[in-house]
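Okay, so here's the structure we're looking at.
The values are calculated or read from the model by the stated rules, or taken from the named source; none is laboratory data. What you see is a predicted model; the values in this text were computed from it and never measured. Positions of Cβ are backbone-derived with ideal geometry, glycine not excepted, and every protein chain shown enters the neighbour counts.
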Amino acid sequence: MNRWIDELRPLHDKRPRAVLLRSYTDFIQAPARGIMQSYKELLVWQVAMTLANDVYGVTRRFPREETYGLTSQIRRSAVSMPSNIAEGQGRATRGEFLPFLGHARGSLFELETQLTLAANLEYLEHSEESRILGTLTRVAQLLNALITSLQPSTRNRSTIHGPRSTTA
């Protein structure tokens, strides 16, 4: 049975590509065949890094009294996503990779909650919130696709939901 592992493309290339691999073994052995050199080629990691950079940009304008509070929490959540994806991809087995993707997914929801609070406190402009939540949604889609592709069976999978929609 074939599984989609993840879209791969350089950050500057807007044309989506995908690599079809037969199994997780193919995913791990892909570098030896020249298909994938590192976690940096995973689109989900690239988009999560973009999100982390964007979060750092908007949190620079947060009130000074939030430096060790909400600002720090938001930044740690944003950094945790690509970090867990990278660490998990470096593991030897699917069983070791999946928990790291789960941690990244948990950080995604933590970040969404914290950004919602920041918006409620009017630390974020509506346009910034919408832009960042749009990127967050993209990370959720890619992360969910990767998790689904690595799960051993299609039976008994719980639905994995992404963050809330920004359209009202």
- Within segment 106-137, how many residues turn out to be under 19 Å from residue 41 (Cα atoms) and basic (Lys, Arg)? 0
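Residue under question is residue 140, and the condition is that it be in contact (Cβ under 8 Å) with a residue 12 or more places away in the chain, of a type in the set (A, V, I, L, M), touching a His at 6+ places or on another chain (Cβ under 9 Å) and closer than 16 Å to residue 42 by Cβ; does it hold?
yes
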- Task: Hey, can you tell me all the residues within segment 85-106 that are under 23 Å from residue 131 (Cβ atoms) and of a type outside the set (Val, Ile, Thr)?
- Result: 104, 105, 106
- Task: Please give the number of the condition residue 51 fails out of (1) at pLDDT below 95; (2) crowded, with 18+ Cβ neighbours inside 10 Å; (3) not in a loop (DSSP other than H, G, I, E, B); (4) not polar (S, T, N, Q).
- Result: (1)
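Pick from segment 89-101 the residues that are touching a Gly at 6+ places or on another chain (Cβ under 9 Å) and surrounded by 14 or more Cβ atoms within 10 Å (Cβ to Cβ): which of them is nearest to residue 144 (Cα to Cα)? If you could, list the steps in order and put the result at the bottom.
Residues of segment 89-101 that are touching a Gly at 6+ places or on another chain (Cβ under 9 Å), as a first pass: 96-101.
If we keep only those that are surrounded by 14 or more Cβ atoms within 10 Å (Cβ to Cβ) as well, we get 97-98, 100-101.
Numbers: 97: 13, 98: 11, 100: 13, 101: 9 Å.
Filtering first and then ranking leaves 101.
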